[in-house]
Amino acid sequence: MKELHVGFIGNPNCGKTTLFNAYTGANLKVANWPGVTVEKVEGSCRFQDYQMRLVDLPGTYSLTSYTMEEKVARQYIYSDDVDVVVDVVDASALERNLYLTLQLIELGKPVVMALNMMDIVEKRGMEIDLHRLPEMLGIPVIPVCARKKKGLDILMHAVVHHKDFSETAPLIHHHEQEEKNSTHVHDHHKDMVMVYSDEIEDKIDIVKAALKEKYPDMQKYRWHAIKLLEGDEEMKEKYPLDLPGILDVSWEKQIINEKYDFIQEIIAEVLVNKTAKEEKTDRIDQVLTHRIWGFPVFLGIMAVVFFLTFTIGDWLKEYLASGIDWLSAGLAGILESASVNAGLISLITDGIIAGVGGILTFLPNIFILFLALALLEDSGYMSRAAYVMDGLMGRLGLSGRAFIPMLLGFGCTVPAIMASRALENRRDRMKVMLVTPFMSCSARLPIYVLFSEMFFERYAMIAAYSMYVLGLFVAILVAYVIHLIDKGKAENSLLIELPEYKMPSAHTVWIYVFEKVKDYLSKAGTTIFIASIVMWFILNFGTGGYVTDISRSFGSQIGKFIVPVFKPLGLGYWQVVVALIAGISAKEVVVSSCSVLFGVGNVTSKAGQATLMSVLSGAGFGPLNAYCLMVFCLLYVPCIAALATIKRESGSARWTVAAAGFQLLTAWVITFVIYQLGSMIL
């Protein structure tokens, strides 16, 4: 069977990954805002007698690479690994997408345009001349609807039949006047899609001649010549030329302007009824992206998310808690009747079931949170949040693009750290990696739910929500302080697409929520399971072996040794200290550890919460202590998985350790201030 390598490339939000999923069936995250796909992802499918090897590349606006994601896309397209390039174009934003298309055509590889989102074009009352567009571009143009899986077979049919075309098809342009007035030695209008002014074309010819002389084995001389004229750093380093008066000046701005002039010509000929029905999106954006109201609206939307997370999630949580109570009691009875060793029964019921089961009861809260975030992403709102934050980020020496990893941090710190690749320079990536862990990930939610419900009752949602606001505030404050110290050059302003608002796709939302819930359950079955067993052992064994008095255990000795450090924070309880140490493996473990440490069978049930609160209150642990515990859990060292990701992305173990130490110090200082001020006021 013959094999064909196909690269899927396109602007962010063009539906590229959705189209890729339609062919491969891969359960990838598809979000309606830029910066999600930061690596190429491979899949395969069969078509006729071909085994199609498909590669989903990061979203990019051009082949001039600045960010890590753009470099991944360019390197693959430039290499010999790809046979055919599928240029996925958002038909509803044709003008913006065509810039990348022209660059791909100039590269000289077989290109097939997948004109996606045609349903949106129809809804807006527009029409695209599908006969004239391929005439002007010289490549096949196939209308598709990735979301509804329409046009997939004919797109693959075009890919297979276009694989051997390295040149464009016959072009039909209307450039008679330009050809007549041109003094350029070559008549490019007959065989080139993008023809520049005589001034630029003359310089292209000079650079091409120099390249042919110095690099006789090079291919795609015209593309390389254009890149050198644009001042492309990678090409200048790889293929240096000494052409004074030509390559010592950047012609990038003029080349870009001339490309867009041609794009305007294309749009004028192929797009009918351009007056799009965008009024609805514009009206909504007048509020959601307002210079003053945009940020309060963002906070309000997140407040609604957490209101739903608490009200609906808690209602469902009670049923799960009751079920785990029943399972624990029933299993204990069976084991006792079978005369199983009391220590083993304690390990199973007080260690494993109490630890893992306590985390599983928060599954409804986690599900509601991820469902809300998925709906916000796929509706098109999340890109607005980054846009709204652009001004504030600019004062921190960053662009609104830096807010994208921070937004992802509300879900999980690991992908949030990875998303820092979307930033252009290393200094900004390191800065974002340092502050992103302050964003409150979903793993901390069980801690907030447990302690806010116990100590703040009807104000529980407000107490928990304040953690998310505080995390955002601390991240911004730390970034600002670093910017004042660093005094580095600020990153360029944000360039981000604000996609049209749309009804979220049930399939896309399902994939997102399913993957997140699966990760949560996987963590409960691995990390938290192991942590619960380890916690049981250090609390039931001491220097003399198995102990029935927990105060003589290894855990007690470790906790009491470190307690003086935490006492000024209102956390001077050895059980709390041990729970915090265990929480470095995964933040949810703090809850399961409390269950084991305080000997409460099901700490998340009404009865369990009442028992735990009674124990804590008896030790002098009140609402202020509970709030300080939540603050410390919010800000201190992220989980092991996040630390490993920081190490991988930064490439420095020393910097990772320093970052963890800084986060721990920040958590200590802020919690200390809150506790000391609270003690004076209350």
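Points to keep in mind about this one:
- Output for segment 630-652, where each listed residue is open to solvent by 10 Å² or more (accessible area, probe 1.4 Å) and either more than 25 Å from the chain's Cα centre (by Cα) or hydrophobic (A, V, I, L, M, F, W, C) (or both): VAL637, CYS639, ILE640, ALA641, LEU643, ALA644
- Of all residues in segment 433-447, one or more are open to solvent by less than 40 Å² (accessible area, probe 1.4 Å), among the β-branched types (Val, Ile, Thr), touching a Lys or Arg at 6+ places or on another chain (Cβ under 8 Å) and modelled with pLDDT of 75 or more.
- The set of residues in segment 286-296 that are among the β-branched types (Val, Ile, Thr) and in contact (Cβ under 8 Å) with a residue 24 or more places away in the chain contains only THR289.
- Residue among GLU230, GLU269, GLU258 that alone is open to solvent by 20 Å² or more (accessible area, probe 1.4 Å), modelled with pLDDT of 85 or more, closer than 24 Å to THR64 by Cβ and of a type in the set (Asp, Glu): GLU258
- Residue count for segment 632-659, restricted to those that are touching a Phe, Trp or Tyr at 6+ places or on another chain (Cβ under 9 Å) and of a type in the set (A, V, I, L, M, F, W, C): 5
- Neighbours by Cβ (under 9 Å, 6+ apart or cross-chain): first from segment 252-265, closer than 13 Å to SER197 by Cβ; second open to solvent by 80 Å² or more (accessible area, probe 1.4 Å) and assigned to a helix (DSSP H, G or I): GLN254/GLU199
- Breaking point among (1) part of a helix (DSSP H, G or I); (2) among the hydroxyl-bearing types (Ser, Thr, Tyr); (3) crowded, with 23+ Cβ neighbours inside 10 Å, for TYR627: (3)
- Count - residues of segment 206-227 that are open to solvent by 30 Å² or more (accessible area, probe 1.4 Å) and basic (Lys, Arg): 4
- When segment 635-649 is filtered for residues that are of a type in the set (Gly, Ala, Ser), over 12 Å from CYS441 (Cα atoms) and modelled with pLDDT of 80 or more, only ALA644 remains.
- Among the residues making up segment 550-594, those that are more than 29 Å from MET680 (Cα to Cα) and not hydrophobic (A, V, I, L, M, F, W, C) are SER551, ARG552, SER553, GLY555, SER556, GLN557, GLY583, SER585, LYS587, GLU588, SER592, SER593.
- Filtered residue count, segment 50-61, keeping only those that are at pLDDT below 85 and open to solvent by 20 Å² or more (accessible area, probe 1.4 Å): 1
- For segment 598-615, the tally of residues that are out of contact with any Cys (no Cβ under 9 Å at 6 or more places or on another chain), within 26 Å of TRP668 (Cα to Cα) and either assigned to a helix (DSSP H, G or I) or among the hydroxyl-bearing types (Ser, Thr, Tyr) (or both) stands at 2.
- Test: LEU539 is part of a loop (DSSP other than H, G, I, E, B) and of a type in the set (A, V, I, L, M, F, W, C): no
- Inspection of segment 192-210 identifies at least one residue that is within 30 Å of GLU127 (Cβ to Cβ), touching a Gly at 6+ places or on another chain (Cβ under 9 Å) and of a type in the set (Val, Ile, Thr).
- Looking across segment 560-597, the residues that are of a type in the set (Val, Ile, Thr) and part of a helix (DSSP H, G or I) come down to ILE562, VAL563, VAL565, VAL576, VAL577, VAL578, ILE581, VAL589, VAL590, VAL591, VAL596.
- Residue list for segment 87-106, filter: under 17 Å from HIS5 (Cα atoms) and over 26 Å from the mean Cα position of the chain (by Cα): LEU104
- Residue match in segment 568-579 (condition: out of contact with any Ser or Thr (no Cβ under 8 Å at 6 or more places or on another chain), open to solvent by 50 Å² or more (accessible area, probe 1.4 Å) and not small (Gly, Ala, Ser)): no
- Any chance TYR627 is farther than 24 Å from SER551 by Cα, aromatic (Phe, Trp, Tyr) and touching a helix residue (DSSP H, G or I) at 6+ places or on another chain (Cβ under 6 Å): no
- Condition check for GLU179: farther than 29 Å from ASP90 by Cβ, modelled with pLDDT under 85 and surrounded by 13 or more Cβ atoms within 10 Å (Cβ to Cβ): yes
- Evaluating GLY608 against the criteria (1) open to solvent by 10 Å² or more (accessible area, probe 1.4 Å); (2) over 31 Å from the mean Cα position of the chain (by Cα); (3) small (Gly, Ala, Ser) leaves one unmet condition, (1).
The values are calculated or read from the model by the stated rules, or taken from the named source; none is laboratory data. Quick caveat, the model's predicted, so the values are computed rather than measured. All Cβ positions, glycine included, derive from the backbone under ideal geometry; neighbour counts span all protein chains shown. Ligands, DNA and RNA are stripped out before the accessible areas are found, and what is left, the full protein with its side chains, is counted by its heavy atoms. Shrake-Rupley method; radii C 1.70, N 1.55, O 1.52, S 1.80 Å.
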